[in-house]
1. Contact list please: Cβ distance under 8 Å, first residue in the stretch 129-149 and without any contact (Cβ under 8 Å) to a residue 12 or more places away in the chain, second residue charged (D, E, K, R) and in a strand (DSSP E or B), pairs at least six apart or on different chains.
2. Quick one: in the stretch 361-384, which of the residues that are outside any strand (DSSP E or B) and either of a type in the set (A, V, I, L, M) or in contact (Cβ under 8 Å) with a residue 24 or more places away in the chain (or both) is surrounded by the fewest Cβ atoms within 10 Å (Cβ to Cβ)?
3. When both residues are 6+ apart or on different chains and their Cβ atoms are under 8 Å apart, which pairs have a first residue that lies in the stretch 11-34 and is part of a loop (DSSP other than H, G, I, E, B), and a second that is of a type in the set (Ser, Thr, Tyr)?
4. Find the helices (runs of 4 or more DSSP H) located wholly in the stretch 271-360 whose residues include 2 or more that are within 25 Å of residue 379 (Cβ to Cβ) and either touching a residue at least 60 places away in the same chain (Cβ under 8 Å) or touching a Phe, Trp or Tyr at 6+ places or on another chain (Cβ under 8 Å) (or both), and list them.
5. Taking only the stretch 551-590 into account, find how many residues are among the basic types (Lys, Arg) and within 22 Å of residue 486 (Cα to Cα).
6. Closer than 20 Å to residue 147 by Cα, exposed (fewer than 15 other Cβ atoms within 10 Å of the Cβ) and touching a Phe, Trp or Tyr at 6+ places or on another chain (Cβ under 9 Å): is that true of residue 236 in this structure?
7. So residue 598 passes all but one of these: (1) surrounded by fewer than 22 Cβ atoms within 10 Å (Cβ to Cβ); (2) touching a residue at least 40 places away in the same chain (Cβ under 8 Å); (3) within 30 Å of residue 11 (Cα to Cα). Which condition number does it fail?
8. Can you report the number of residues in the stretch 128-152 which are closer than 30 Å to residue 216 by Cβ, over 33 Å from the mean Cα position of the chain (by Cα) and surrounded by fewer than 21 Cβ atoms within 10 Å (Cβ to Cβ)?
Amino acid sequence: MSRPKQSLSQLFTSFGPGAMLDLPTRSVVIAGLDHWDGKKIAFKRIEEPRLAMLLQTFLSQNGRWDANKPVQLRTPPIAQDSRNESDPASVAVRVFPTWFTCEGVVKEAGTADPRRRRLVRWNELDASGGRKKFQRDDGKKVDVTPIRFVGACKKGHLQDIDWKWLVHRGEKCSEALWIEEQGTSADPSNIRIGCHCGRPSVSLADAFKPGFLGRCMGKRPWLDSEEPGCTEQLHFLSRSATNTYFPQSVTIISLPINEDALSEAIRKNWSSLQKATDPAFVEVLRNVPEIGASLAGYGNEDIYRRIIRMRESVVREAVQDPKIAEYDLLASGDSIIGADGIGEPLFAETLDVPDINRCVTVDGQPYLNSIVAVHRLKAVTCLYGFTRLEPAPTIAEEMLEEVRLAVDGAPLAENEDWLPAMEQTGEGIFLTVKPAVIRDWLQRKRVVDRAGKLVAGVKNYESRHNVKQQFPSVPYILLHSLSHALMEEISLDCGYPLSSLKERVYAIASREADQSDRFGILIYTASAGAQGTLGGLTEIAIRIPRLIESSLERLKLCSNDPICADHDPSVSGDERSLIGAACHACALVPETSCENRNNFLDRTLLTNTVANADANLT
């Protein structure tokens, strides 16, 4: 069936394949990539070899991608602005759940209860009326509403709850089911499911008990097939709950590459040329007009040799954290980074900031090393899977060991050879912190003690949720907390809405003796389909030291203190065990701005609070 219009970014944050979406008369699940309309070439190929090879390398390690099949990055189908197009390009959806509640009154024993409604299936609805109504036994047609509850498992499977089985536990019965709401809230404890056969009704409060719903059947309504043999228990979910869908996406910053005209021509057509197996393959691809025009004047042998060399380079880059290359370029110290030209992915300037030494530690050491105004950048985001119940670690936001954890998740398709991606352009501010200052700070006893509590909080989270959660490092939490504080201050100073700002935190410990650690923050704003912004963010780059000072002054006291400052993540059973002294009143930002879902924050590491002192950097 057809679907409502969505913005491009919504497909990467909330409504990708496998996500549920409410429509006026029913609920649907977004279909897999196999059913996204690509016949009209209503998409754009995105050439980002670093990202494509990163995904191919790590997804293939866990069997989620064929190691011999290159990853192609494409935008989702883009509807054209033509009013004459009767069937525009679109993303398919499927009706789910297939159980509905009737708005009519169920009469029983001569009484009428307006809060007891009949449960019906999709195939019982009035087909002639577009399945928007149900025809009762008395001939009256009544409106229906999708039932609020579904079942899911940790492997991402999703299914209708078998309500008949839930009430009868396997016994045959052909009587109608009903749902009854009691009290004034919509809490499951006030909802019961019953049958007209007279069998005792079931309270939905019991549905949360482990094993009450039975085992998962491996259903994947967004795909064409099931996955039999699932051993997970089915979990009871409200279809509008936030834990029904956690997208797995990765973002990298496109980098300029110093290359000759041949390499540039190959890179612009990398999706096609990377599959070349010999010079004859190159000759065949020349028949594609745009490829043939780009390669004019070069021999097939020369082109093939260059493809092999570029392929080897991309493979080498794919086995390391993509943030390393970004940091090394932005922190190079060059006065001009990239190029200021139309179509260039990156243009930045390393600034000479007179006030850079204003930001000092408690020992009086300046900790800022450099500040870079990024006048133009391009961020490429790719959706590669999703999870339910618990979010999975992301690829690019973690170190290499943690990347392998991120490949666990539900697939977006069965047979496609592409993944949805989008390009966003904008501007930003990049700053680096001196590694020596971080190393000295880590040696303090109060910092070691505080780190122990943060690590214990992660262990508690693992135990409580039965998942693997990597601890990102104390420097990461320090820089992540600083990034949030700075984003808040930037929003107040230059007028950007906080939700429009994004972050990338660089806390990379070197494994080579001849290389230094990499510590930095990139705060940027970017949007799809835009050519950039008006420079409001880069304009304040020269004032970053003063903004850091004022942001840290604000963090000394939170309106929720002393409760916020006293928070101990190591306490067993604490629901906020992934953060220290941080809350919505001081350190948390919109989740679209944070690269780690507002986890791993602690203002105690930044500044003195009413509960802790001497563990802070400043």
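1. So the pair list comes out as 133/141; 133/143; 135/141.
2. 363
3. From residues that are part of a loop (DSSP other than H, G, I, E, B), the pairs are 14/245; 16/245; 18/245; 19/244; 19/245.
4. Values: elements: 279-285, 289-294, 300-318, 322-330.
Those helices (runs of 4 or more DSSP H) span 300-318, 322-330.
5. Final tally of qualifying residues: 2.
6. Details: closer than 20 Å to residue 147 by Cα: yes; exposed (fewer than 15 other Cβ atoms within 10 Å of the Cβ): no; touching a Phe, Trp or Tyr at 6+ places or on another chain (Cβ under 9 Å): yes.
Taking the combined requirement at face value, the residue does not satisfy it.
7. (2)
8. 1
The values are calculated or read from the model by the stated rules, or taken from the named source; none is laboratory data. These numbers were taken from a predicted model, which means no experiment stands behind them. In this analysis, Cβ positions are derived from the backbone assuming ideal geometry, glycine residues included, and neighbour counts consider all displayed protein chains.
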